[in-house]
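The values are calculated or read from the model by the stated rules, or taken from the named source; none is laboratory data. The structure displayed is predicted, hence computed values, not measured ones. All Cβ positions, even for glycine, are placed from backbone atoms using ideal geometry, and neighbour counts span all protein chains on display. In case anyone asks, the SASA skips ligands and DNA or RNA and just uses the protein heavy atoms, side chains included. Shrake-Rupley method; radii C 1.70, N 1.55, O 1.52, S 1.80 Å.
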Amino acid sequence: MIVSDDIAYFLEAIQAERSAAPNTCLAYGRDLKDFSSFMGDKPIARASRKDVLAYLKFLQLRGKSDTTRMRRLAAIRQFFLFCHEEGWRQDVPTLDVPYPARPRRLPKDLSVERTFTMLKAVRGVGRNDSARKRNTCILELLYASGMRVSELVGLPRSSVAGNPEMLLVLGKGGKERLVPLTTPARLAIKEWLRELEAADDKGKGRGARSAHFLFPSSGKQGHLSRVAVFRLIKKTALACGIDPKGVSPHTFRHAFATHLLANGADLNAIRHLLGHADISTTEIYTHMIDDKLKSTVFSNHPLARQKFSPEPGASH
């Protein structure tokens with residue numbers, strides 16, 4: 001991806017100073033490059049509020065979704081804040097540019113029963129015994145911890161040394177958090193570590209870089225890719241008769257949160273476990289629980305389907 005010098009400098013700075021994740025930098029780079037293309041010969045560091053509004057209108061006319069326009073505006077806003085901090089300009093032209101309204105979309109939910117079905121089915125998914133143990137470890141960890149898939153694939157092997165009851169997870173912005181591990185997850189980790197140690201003893205390691213990771217790979221990153229985990233979950237869903245369109249690594253993260261909340265867990269505790277910076281992000285799960293409760297009442301209450309007209313003068 002070729003970007004201008006000012007964009008490249010911005011990306012280097014947020015990666016070095018704010019510990020921005022590589023995927024975040026790539027997304028910012030793509031969004032700012034698109035804005036730069038729209039601006040033509042005019043550097044985006046000199047863009048005005050009018051230019052930004054025109055760009056957002058241009059995106060809307062191209063049929064871009066509200067979510068895409070919100071993401072592009074967020075990238076441009078961060079860039080202008082950086083320009084202001086660096087003294088490249090005196091103003092921040094995007095401060096009063098409103099974000100497009102985004103309808104609240106509840107995440108896809110996975111019931112406890114279906115989650116357990118997939119955790120059982122994954123034990124038979126894989127080309128050999130070693131792959132099956134790795135795949136089991138992946139799904140058990142996703143459900144036990146609520147980790148993002150990027151956090152999972154980047155786990156160092158040292159994070160699970162000594163059969164820990166708590167897992168240290170490196171989240172967005174380099175922030176660390178501790179997540180308790182369930183017994184099935186700890187057993188799955190133990191089985192997978194035995195496979196890794198056996199491979200090391202036989203000299204079948206994948207190199208010094210990949211040996212650092214819990215889920216090593218021969219790819220350039222040294223660890224399993226997010227796409228590989230995505231495919232694993234789709235394959236596992238098919239193996240147990242669940243529609244693969246409705247499941248993903250993020251579905252397991254949502255299942256972790258909703259199942260905890262439904263069983264009485266504190267919302268703030270769930271926020272810390274998920275690594276959310278703001279409680280408002282976690283509150284979406286309360287809406288999911290509320291919707292389930294209403295659905296339960298309307299479907300099962302004896303009077304739910306009856307038309308009821310109180311007699312005159314009646315009171316309750």
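Residues in the range 36-45 that are of a type outside the set (Asp, Glu) and either in a loop (DSSP other than H, G, I, E, B) or at pLDDT below 90 (or both) were compared, and the one that is most open to solvent (accessible area, probe 1.4 Å) is 42. Summed over the range 34-53, the residues that are small (Gly, Ala, Ser) and in contact (Cβ under 8 Å) with a residue 12 or more places away in the chain give a count of 4. Among the residues examined, residue 33 qualifies as over 18 Å from residue 97 (Cβ atoms), outside any loop (DSSP other than H, G, I, E, B), over 22 Å from the mean Cα position of the chain (by Cα) and of a type in the set (D, E, K, R). Among residues belonging to the range 65-91 that are farther than 14 Å from residue 28 by Cα and touching a Lys or Arg at 6+ places or on another chain (Cβ under 8 Å), point out the one that is surrounded by the most Cβ atoms within 10 Å (Cβ to Cβ). Among them, the one singled out is 83.
Looking at residue 16, is it at pLDDT below 90, open to solvent by less than 60 Å² (accessible area, probe 1.4 Å) and within 24 Å of residue 173 (Cβ to Cβ)? Judged against the criteria, residue 16 is not a match.
Restricting attention to the range 137-161, the residues being open to solvent by 10 Å² or more (accessible area, probe 1.4 Å) and under 22 Å from residue 221 (Cα atoms) number 10.
Look through 49, 69 and report the one residue that is of a type in the set (D, E, K, R), touching a Pro at 6+ places or on another chain (Cβ under 7 Å) and closer than 30 Å to residue 226 by Cα. Of the residues listed, the single one that is of a type in the set (D, E, K, R), touching a Pro at 6+ places or on another chain (Cβ under 7 Å) and closer than 30 Å to residue 226 by Cα is 69.
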